């Protein structure tokens with residue numbers, strides 16, 4: 001996997017390149033960038049700061065976003081598949097109308113996260129805290145919400161939940177012991 005510098009990513013994107021594969025961007029500060037329509041395939045974004053980044057219509061496939069900050073990132077109509085977001089900050093992240101398939105959201109803080117009109121299938125939320133999260137008109141298939149700590153969640157008559165509550169419900173003590181708090 002080729003290690004990229006921030007300047008190289010910015011330059012290529014400015015010149016019109018949108019497809020990036022098999023690169024390592026770990027540890028970079030990509031906050032506030034406009035990366036609309038970007039396509040990341042097998043990219044390492046571990047411990048990356050994407051705070052306020054525009055990833056509208058982005059495709060993230062086989063991407064490692066472990067321990068990353070996506071606070072207030074825009075992922076409107078993004079496509080995430082086979083992606084790992086374990087221990088990432090998704091507070092106030094905008095994922096409206098996104099397609100999310102085979103994604104790990106384990107031990108993630110989802111506060112005021114917008115999943116309205118999104119499609120989530122086979123998503124793991126083990127140990128995640130869901131607070132004031134919007135699932136209005138969303139479709140959730142095989143998302144085991146019983147493994148998450150749900151404080152407050154918004155949904156509508158059009159929200160569809162299929163096979164989303166199995167096993168035992170975890171308590172607040174489990175969450176406190178396993179998830180790192182985020183300071184914004």
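Label reach from residue 112 (point 7 Å along Cα→C-beta): in segment 37-72, amide nitrogens under 19 Å belong to 50-55, 69-72.
Calculated from the structure, P(r) over Cα pairs in 10 Å bins from 0, in percent equals which of [x] 9, 31, 31, 19, 8, 2, 0; [y] 11, 41, 33, 13, 2, 0; [z] 10, 36, 32, 16, 5, 0? Given [x] 9, 31, 31, 19, 8, 2, 0; [y] 11, 41, 33, 13, 2, 0; [z] 10, 36, 32, 16, 5, 0, the calculated one carries the label [y]. Between 93, 159, 113, the GNM of the chain built on Cα springs shorter than 10 angstrom shows 159 fluctuating the most. Using a Gaussian network model of the chain with C-alpha springs under 10 Å, which one of 84, 64, 34 is most mobile by mean-square fluctuation? Maximum among the listed residues: 34. Given axes a ≥ b ≥ c from the Cα gyration tensor, I'd like to know whether segment 1-60 is rounded (a/c under 1.5), prolate (a/b larger than b/c) or oblate. In terms of gyration-tensor shape, rounded. Secondary-structure-derived ellipticity at 222 nm for the chain, considering helices only, amounts to -2500 deg cm²/dmol, per-run term -39500 (n - 2.57) for DSSP H runs with n ≥ 4. Note on 141, 130, 100: ascending count of other Cβ atoms within 10 Å places them as 141, 130, 100, the fewest first.
In the elastic network of the chain, a GNM with C-alpha springs shorter than 10 Å, the most mobile of 104, 126, 160 is 160. In this label model, residue 12 and residue 119 are separated by 2.9 nm, measuring between points 7 Å along each Cα→Cβ vector.
Within the chain, antiparallel bridges make up roughly 0 percent of the DSSP beta bridges whose residues both belong there. Estimated from the Cβ-Cβ distance and a Förster radius of 45 angstrom, the FRET efficiency linking residue 21 and residue 146 is about 0.80.
Each reported figure results from applying straightforward, stated rules to the coordinates on display, with no laboratory input. This structure is a prediction, so every number in the text was calculated from the model and none was measured. Here Cβ is always computed from backbone atoms with ideal geometry, including for glycine, and neighbour counts include all displayed protein chains.
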